[in-house]
Amino acid sequence: MLKIKDLHAGVEGKEILKGINLEIKSGEIHAIMGPNGSGKTTLSSVIAGREDFEVTEGSMTLDGENLMELEPDERAHKGVFMSFQHPIAIPGVTTTNFIKTAINAKRKALGFDEMPAAEMLKKIREKAELLGLDRSFLSRSLNDGFSGGEKKRNEIFQMAMLEPKLAILDETDSGLDIDALKTVANGVNTLKTKDNAILVITHYQRLLDYIIPDYVHVLSDGKIVKTGGKELALELEEKGYEWIK
Amino acid sequence: MAKKYTENELEQDLKNKEYEYGFYTEIETEKFPPGLNENVVRAISKKKNEPEWMTDWRLEAFRAWEKMEEPDWANITYEKPDFQAISYYAAPKKKPELESLDQVDPELLETFKKLGISIDEQKRLSGVAMDIVMDSVSVATTFKETLDEHGIIFCSISEAIQKHPELVKKYIGSVVPRTDNFYAALNSAVFSDGSFCYIPKGVKCPVELSTYFRINEAGTGQFERTLLIADEGAYVSYLEGCTAPQRDENQLHAAVVEIIVHDDAEIKYSTVQNWYPGDHKGEGGVYNFVTKRGIAHKNAKLSWTQVETGSAVTWKYPSCILKGDNSVGEFYSIAVTNNYQQADTGTKMLHLGKNTKSTIISKGISAGKSQNSYRGLVRVSKNADNVRNFSQCDSLLMGNECGAHTFPYLETKNPSAQIEHEATTSKIGEDQLFYCNQRGIDTEKAIALIVNGFSKEVLNKLPMEFAVEAQKLLEISLEGSVG
């Protein structure tokens, strides 16, 4: 699915990623852990296509297609989804309207007609229930005045609606209490199939108690310095990032 | 890596957006040579076969205008028009009969098709009676019969002067006096046509009344005069929508709208204004200097809703004189400026009666190098007890070169007044656009979504079919063709 080879990227001439190699196959969950400033957010942003970051070297493909030639919205159409660490508010635009627009934009790009209203409503109801969101929440302006937990649940709700091939969860656990964390993790696990993949980016291992990764990678100073199974996360938690360096 | 899409490029895209309604209808017109003096005023009046009192009324306005100076307090800069270089009268030569659309000039129908507002469709779908004003003379009126049944008068002001002189005489200039301001005086002297509407006592107008104005002849100013009266207990929702073809030279527009809302009556006045805003270099475009004012008597309600996307320069303050006790005034506004457009717009709420209430919701959207100002006055007079006002002014900026300004004025002489004012300024940021992009929404659509969300409280106040058109206009005014 996702293949990243020798990826170098940075911002305003400063190199942050210094040769990342990563391969994620369908049906897998990968976790990237690392201390602040190790390049976690840069990596997720580069995969999603954020314009502030410049790729200087390396390659990145999704199902063999060169991601770097695609605009962020085109990557989304191909199935890349990112759950934002800090979701953005759009006042006056309801969550329902936003997700409807997003789904139909994707369908249009893939050559399908708009989703019929009845189907859309049914899907919204189902997925909202999965994330424990009540209907009134969906008619509020997107992320406008939402609590930290509401924002994160809303991100996973959008993921559920869009059914991405590759979902990147960027610091999804930050700002979540334990109940919200469980709800979100449960939602993610329900959405997991053998055909999609998840990349969890996190500072702490606690989310990985609920979303169990197949692989854990440790990112340090722009490079993956260690890869292991889920037990690596626990070891890191115990010994701290200093242990890796 | 994906192409870097910066705010600068966003601005560039916005600049490149051509005026989509820039076409020109070739209908034969009869036109006065440029220039203005008493003889021209007399000639206009004669052309329209007006009674003597009307001619005299115009002449007095002209004499007052001659002694007046153009106001310069607004936050706008422009080259003052040469009033002697303007032609003050243009009328389509062919005057079709008004009974059926078949008799309307096919060119005109074509124009409406281009605008996506074919009269046929409007008639069929929305039950809207249309009084279409093209270059100052009304050429089509529909739904006349329905209106007649209710005793509603809805016609051009020229026709009203002929057929209902007592009403025109009673009300014209009663809310906006001829000497009110420079442009109102000019309009009073030379107005060519406009709409007249009278709703009799106790009648709720069963259809929304709609007028489309167009400026269609190069070099002619347009001086519309509108007079709406709702008698006691009456109700009407009135829509005015405007587009204009693309012109290189500046066109002057100085309209006057007067509204009288009698006891227990209600008038909703909605307008979409999309005149040619000039090109991305700031050349051309309509100068829009408009005086709109209404008076609300006891328990009456007057509501202004405007969507302003066009014109190079806009100077416009739809106002409410809340004269009667318990009367209500509302002003809902969306003003979009792009490129070099300048808008100085807002309202005046003049509270004279007791327990009068007013609401002001203003949404300003600025892009390009444009300047967008809200200017609003809330005045509470000494005897107006228990007045309430709520004002909210929000500005949305796109890019770094535009400006948003808010000039709220508050004068209260009665301590019982409760007045609230809120103001916010926000910016469409790369963060918002990226968030939308990441969800598969392209930048153009994302801007439309954000702008519509921002404007929602006002869009919701528009009648349904108008709201759809207004949304389209917002998109046309702001979207770039993102490559």
Filtering region A:157-196 down to residues that are among the small types (Gly, Ala, Ser) and at pLDDT 95 or above, which residue is surrounded by the fewest Cβ atoms within 10 Å (Cβ to Cβ)? A:160
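Yes/no per residue for (1) part of a helix (DSSP H, G or I); (2) of a type outside the set (Lys, Arg); (3) buried (at least 19 other Cβ atoms within 10 Å of the Cβ); (4) facing chain A (nearest Cβ under 10 Å):
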{"position": "B:434", "(1), (2), (3), (4)": "yes, yes, yes, yes"}
{"position": "B:437", "(1), (2), (3), (4)": "yes, yes, yes, yes"}
{"position": "B:445", "(1), (2), (3), (4)": "yes, no, yes, yes"}
{"position": "B:457", "(1), (2), (3), (4)": "yes, yes, no, yes"}
{"position": "B:466", "(1), (2), (3), (4)": "yes, yes, yes, no"}
Which residue pairs have Cβ atoms under 6 Å apart, sit 6 or more places apart or on different chains, and have a first residue in region B:322-334 that is under 11 Å from residue B:360 (Cα atoms) and a second that is surrounded by fewer than 24 Cβ atoms within 10 Å (Cβ to Cβ) and modelled with pLDDT under 95? B:332/B:458; B:332/B:461
Within region B:230-250, tally of residues that are modelled with pLDDT of 80 or more and over 25 Å from residue B:168 (Cα atoms): 0
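Restricting attention to region B:209-229, which residues are touching a Gly at 6+ places or on another chain (Cβ under 9 Å), at pLDDT below 90 and within 16 Å of residue B:259 (Cα to Cα)? Before the answer, list the steps.
Within region B:209-229, the first condition is being touching a Gly at 6+ places or on another chain (Cβ under 9 Å), and the residues that meet it are B:210-213, B:215, B:223-228.
Next cut, at pLDDT below 90 only: B:210-213, B:215, B:223-224.
Once the filter is applied, which keeps residues that are touching a Gly at 6+ places or on another chain (Cβ under 9 Å), at pLDDT below 90 and within 16 Å of residue B:259 (Cα to Cα), region B:209-229 yields B:210, B:211, B:224.
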Of (1) surrounded by 20 or more Cβ atoms within 10 Å (Cβ to Cβ); (2) away from chain B (no Cβ under 13 Å), residue A:7 satisfies all except one. Which? (2)
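Going by the structure shown, is residue B:309 touching a helix residue (DSSP H, G or I) at 6+ places or on another chain (Cβ under 7 Å) and crowded, with 22+ Cβ neighbours inside 10 Å? Lay out the reasoning, then the answer.
Numbers: touching a helix residue (DSSP H, G or I) at 6+ places or on another chain (Cβ under 7 Å): yes; crowded, with 22+ Cβ neighbours inside 10 Å: yes.
So residue B:309 fits the description; yes.
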Do any helices (runs of 4 or more DSSP H) lying entirely in region B:1-104 carry at least 2 residues that are within 30 Å of residue B:339 (Cβ to Cβ), at pLDDT 85 or above and in contact with a His (Cβ under 7 Å, 6 or more places away or on another chain), and which ones are they? none
Taking only region B:69-86 into account, find how many residues are surrounded by 15 or more Cβ atoms within 10 Å (Cβ to Cβ) and farther than 15 Å from residue B:287 by Cα. 0
Taking region A:1-25 only, how many residues are touching a helix residue (DSSP H, G or I) at 6+ places or on another chain (Cβ under 8 Å) and at positive phi? 0
Failed criterion for residue A:116 (all others in (1) more than 12 Å from chain B (Cβ to nearest Cβ); (2) on the phi > 0 side of the Ramachandran plot hold): (2)
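Which of the residues belonging to region A:47-82 are on the phi > 0 side of the Ramachandran plot and more than 7 Å from chain B (Cβ to nearest Cβ)?
Of region A:47-82, the ones on the phi > 0 side of the Ramachandran plot are A:49, A:58, A:63-64, A:79.
Of everything in region A:47-82, those that are on the phi > 0 side of the Ramachandran plot and more than 7 Å from chain B (Cβ to nearest Cβ) turn out to be A:58, A:63, A:64, A:79.
Evaluate the following for residue A:108: is it in a helix (DSSP H, G or I) and either β-branched (Val, Ile, Thr) or within 12 Å of another protein chain (Cβ to nearest Cβ) (or both)?
On the way: in a helix (DSSP H, G or I): yes; either β-branched (Val, Ile, Thr) or within 12 Å of another protein chain (Cβ to nearest Cβ) (or both): yes.
It is true that residue A:108 is in a helix (DSSP H, G or I) and either β-branched (Val, Ile, Thr) or within 12 Å of another protein chain (Cβ to nearest Cβ) (or both).
The values are calculated or read from the model by the stated rules, or taken from the named source; none is laboratory data. Here the structure is a predicted model, which means the values were calculated and not measured. Cβ: placed from backbone, ideal geometry, glycine included. Neighbour counts: every protein chain shown.
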